[in-house]
Amino acid sequence: MSEHQHIKLPEGSIGKTTTTLNLGPTHPATHGVFQNILELDGERIVKAEPTVGYIHRAFEKIAERRPLYQITTLTDRLNYCSAPINNMGWHLTCEKLLGVKTPKRVDYLRVIIMELSRISDHLICNSIVGVDTGAYTGFLYVMQYRELIYEIYEEVCGSRLTTNMGRIGGFERNFTQAAFEKLERFLREYPGVQKEFESLFSRNRIFMDRTRGTGAISAERALNYGFTGPNLRAAGVDYDVRVHSPYSSYQDFDFQVPVGTRGDNYDRFLVRNEEIWQSLSLIRQAYEKVQAFKGAEADVYHADAPEYYLPEKKDVYTKMEALIYHFKIVMGETEIPVGEVYQSVEGGNGELGFYLVSDGGRAPFRLHFRRPCFIYYQAFPEIVKGGMLSDAIITMSSLNLIAGEMDA
Amino acid sequence: MTNEFIKQKLQAKFGEALSEWGEPYGMLTVTVPRELNLKVLNFLYDDPELAFRFLTDLTGAHYPDRKGEELSVIYHLHNLVSNVRMRVKLYTPAAQPDVYTATGLFSGANWMERETYDFYGINFLGHPDLRRVLNVEEMDYHPLRKEFPLEDQSRIDKDDDMFGR
């Protein structure tokens, strides 16, 4: 070895008093693919510089040559913890553009599915906050109920994680008896589990010490940063898309919007827990409403929109119109009306918006996803500045950052 | 607060400068000249009655057929108190896509503008940190512009055994 070997250090790195730490992009504690270059003074964060885009897949570009129904699979991969909400949001956007009116039963079934996915989304987020504070038990314990939710998805659409659930105008098939039985089982058993989960954390001394006062953001800053969803509500602003711009007949339901006061990690945790209770109540109400449909009405699971809703296979073989529509839909040869539409839904972590511009072609001219994660993650440096590194990890989890949604 | 009221307020303030009024699917839409974008956003933000203080979304679009004003920036604003949404658009030539940044009003516009710059190359004047956000920094084009068509799915000149083409 030559003793004249020199390592070229960056300018000014000898006299520097802070440490640069590269956290991510594949660090186990970030629970997703994103990088943070942190400037540390001891264990305190002086500066954080987040980098995103590691799993950018150009969905907005891909969507520009796909017929509407094929874009559903892209939305699955945004926030993959609550894919059905994204699917429903996309169907609602298309229905708004095409002027398709969905029957009430479809709306209620959608509410059931969307609230189930909200529960599974919040469940993951909150239990991961538990993992990051050192309590693995909660995570493992609630996982079997997320599994049950996934089994319900499976009964409804056949898949579990990236669901591609539903069609423009409704669902691809009616809910089976098994789906309703599983739903009943979930409604019966889950409240007890949620109670236990909360008693494990909510008043736990260690958990409270770790989460209270850390990662806080004021309501004013949160609004200015474009926060939505549980993170905004934890800061004390009761903005909820389900209330402000009701979709899928949310106006028929009775539910509350929980808000926090300080916008810290603890409040976010509590708000998500309370939202799970509200979702359970919404599912119960929706299930009651669904059960109230009798006779022929109980078999309605899609709108009457033959131009956009795939006909039944047996009709394709026997009926001329069905064959034509089947061909046109599958080949993506249906012209979309000219228009410009913005539709948003309350996703697992905020307002998930779809901005769709159509020039009358067969694919959208322009499609933009408003991804709540991407918008609020930019506040991360401001939130963690001056705090401890270990708190920043909890903040990252408690903001519910989903790399798939951030990068689109 | 009705769309008509917002329209009158804006017209009283800016007069003929605003154009292409519309209400697609109930959302008030207006096009502003690109040099007036900040003035309009500021007015919408500061006016105690309008109070559009929440920037829901900021994105771009490329219209190659609009010669001389190919690129577009679209703002979705929300008044959370009266619960009214509106859309503000502007067009800018692709040759000189300079638009004033909205980061002074909305901190959340920072990354959304970076994203718009990344995909459409719109140069936000005064932006504190205008770098690419989702694509790699070495990239020298703006991929969501229409001059980059997606690959023709029926092409046969590629030999790619791995993916069966």
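Each reported figure results from applying straightforward, stated rules to the coordinates on display, with no laboratory input. The model shown is predicted, which means the values in this text are computed figures rather than measured ones. So basically every Cβ, Gly included, is an ideal-geometry build from the backbone, and we count neighbours across all protein chains shown.
Values as computed for the structure displayed
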| item | result |
| --- | --- |
| Stretchable slack from residue A:319 to residue A:6, in nm (0.36 nm times residue separation minus alpha-carbon distance) | 104.7 nm |
| Two-site FRET efficiency, residue A:176 against residue A:147, from Cβ-Cβ distance with R₀ of 30 Å, rounded to 0.05 | 0.95 |
| Taking the C-alpha atoms of chain B, convex hull volume expressed per residue in Å³ | 160 |
| Residue order, fewest to most surrounding Cβ atoms within 10 angstrom, among A:122, A:368 | A:122, A:368 |
| For residue A:228, distant residues with modelled amide H under 5 Å away | A:351 |
| Coarse-grained scattering of the range A:319-408 at q = 0.23, 0.24 Å⁻¹, given as base-10 log I(q)/I(0) from a Debye sum over alpha-carbon atoms | -1.08, -1.11 |
| DSSP loop GluC sites (Glu not before Pro) with at most 12 other Cβ within 10 Å: longest gap in chain B | B:50-136 |
| Rounded, prolate or oblate (a/c below 1.5 giving rounded, otherwise prolate when a/b exceeds b/c) for the range A:309-363 by Cα gyration tensor | oblate |
| Estimated FRET transfer efficiency when R0 is 41 angstrom, pair residue A:251-residue A:56 (beta carbons, to 0.05) | 0.65 |
| Low-density loop positions, GluC sites (Glu not before Pro), the range A:19-106 - DSSP coil, at most 14 other Cβ in 10 Å | A:43 |
| Positive minus negative residues near residue A:141 (Lys, Arg vs Asp, Glu; Cβ under 15 Å) | -2 |
| Summed residue charge, Cβ within 14 Å of residue A:169's Cβ, Lys/Arg positive, Asp/Glu negative | +1 |
| Cα-projected label distance for residue B:141 with residue A:307, points at 7 Å along beta-carbon direction, nm | 3.5 |
| Length added when fully stretched, residue A:362-residue A:47, from 0.36 nm per residue minus Cα-Cα | 108.7 nm |
| Within-12-Å neighbourhood charge of residue B:120 [Cβ basis; K, R +1; D, E -1] | 0 |
| Shape box of the protein assembly as shown [Cα atoms, principal axes, largest first, Å] | 84, 63, 62 |
| Choice from B:17, B:61, B:102 showing the highest fluctuation, given a GNM over chain B with Cα pairs closer than 10 Å | B:17 |
| Order of A:90, B:111, A:277, B:21 - criterion: other Cβ atoms within 10 Å of each residue's Cβ, fewest first | B:21, A:277, B:111, A:90 |
| Ranked B:2, A:75, A:334, A:395, criterion: other C-beta atoms within 10 Å, fewest first | B:2, A:334, A:395, A:75 |
| Dipole magnitude of the protein assembly as shown, debye to nearest 20 (Cβ charges: Lys/Arg +1, Asp/Glu -1, about Cα centre) | 640 |
| Degrees, to the nearest 10: B:3-14 long Cα axis against longest axis of chain B | 80 |
